[in-house]
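Since the structure comes first, as structure tokens, the remarks are kept for the end.
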Amino acid sequence: MAKLGLMAMVAVALALVATAAILARAKTDDPEKVDAWFSRLSHAKRKTTRLHFYFHDTPSGKSPTAVRVAKAAMTKKSSTTFGAVTIIDDPLTEGPEPESPLLGRAQGFYGNVGLESMALLMSMNLVFTSPKFNGSTLSILGRNPILETYREMPIVGGTGVFRLASGIATAKTYFFNSTTGDAVVEYNLIYMHY
Ligand SMILES: *[C@@H]1O[C@H](CO)[C@@H](O)[C@H](O)[C@H]1NC(C)=O
Ligand SMILES: *[C@@H]1O[C@H](CO)[C@@H](O)[C@H](O)[C@H]1NC(C)=O
């Protein structure tokens, strides 16, 4: 009984150390620490992480999270809204409902870059605030043809616990209101990092 109690205490202590190591990375390291981390890379094990969340893009209402900041002066109305640029600070949640637990936010912008095709250029940082990944980010830069069922976008980098991230994000529209432009998009991420 006493032995079991001791083992449980050791397990808890190890878990706390592991958690502290993850949380410690939430604060940005100074350049020497980054250098030391980089120098140890050749011995580091590459990790694979999968994430699943819902992205809430809300251009409408009293507190929009997506605001159009530029619009092209076209002589003829563009069916693809070519030339528009929208800045976003969109919540990322565990489930599709807006009140579902917040995991982080997507901060960046998208531009309507298709003259004839409905395509967005996505340039955004996923800024995680959930306890496990708090302060870490992932950067996505890719083409998002929003009318297609699945859109694949590259994960081009990361910071914090996601340093040197490289992988794939797959987006699928879960809900879209064509009157307001409000959308909920399901994201599945798979990526390697150190
Ligand atoms: C995340 O980090 C920020 C800044 O370091 C801190 O204020 C906040 O309490 C942390 N949140 C969680 C859930 O750990
Ligand atoms: C879309 O938004 C409009 C305006 O708020 C609302 O009247 C309509 O019910 C919404 N449609 C859906 C499918 O939610």
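Every number in this text was worked out from the coordinates using simple rules, so none of it is lab data. Keep in mind that this is a model prediction, so the values were computed, not measured. Quick reminder, even Gly has a Cβ in these numbers, built from the backbone with ideal geometry, and neighbours come from all protein chains shown.
At a glance:
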quantity	calculated
DSSP-assigned coil residues among GluC sites (Glu not before Pro) in segment 66-124, each with at most 10 further Cβ atoms within 10 Å	E99, E116
Inter-label distance, nm, simple model (7 Å from Cα along the C-beta direction), I87/L141	2.0 nm
Computed E for S60/S100 - FRET, C-beta separation, R0 22 angstrom, nearest 0.05	0.65
Peptide ranges 69-76, 140-147, 118-125 listed from the most packed, as the mean C-beta count within 10 angstrom indicates	118-125, 140-147, 69-76
The chain: angle of helix 2-24 to the longest principal axis, Cα-based, in degrees nearest 10	40 degrees
Measure of compaction for segment 30-134 (Cα Rg per 2.2 N^0.38 Å)	1.45
Cα Rg over Rh - the chain, Kirkwood	1.08
Pairwise label distance in nanometres, K76 with S117, each label 7 Å out on the Cα-Cβ vector	2.0 nm
Bins of 10 Å from zero: percent of alpha-carbon pairs in segment 115-164	25, 41, 25, 9, 0
Under 25 Å from K33, Cα to Cα: lysines that are on another chain or at least 8 residues apart	K45, K47, K132
HN-Hα J in Hz across segment 183-194 - Karplus 6.51, -1.76, 1.60, θ = phi - 60°, x for Gly and Pro	9, 10, 10, 8, 10, 10, 10, 9, 7, 9, 6, 10
Table column - 3J(HN,Hα) (Hz), segment 159-176, Karplus curve with 6.51, -1.76, 1.60, x for Gly and Pro	9, x, 6, 10, 3, 6, 5, 8, x, 10, 10, 10, 10, 9, 5, 9, 8, 9
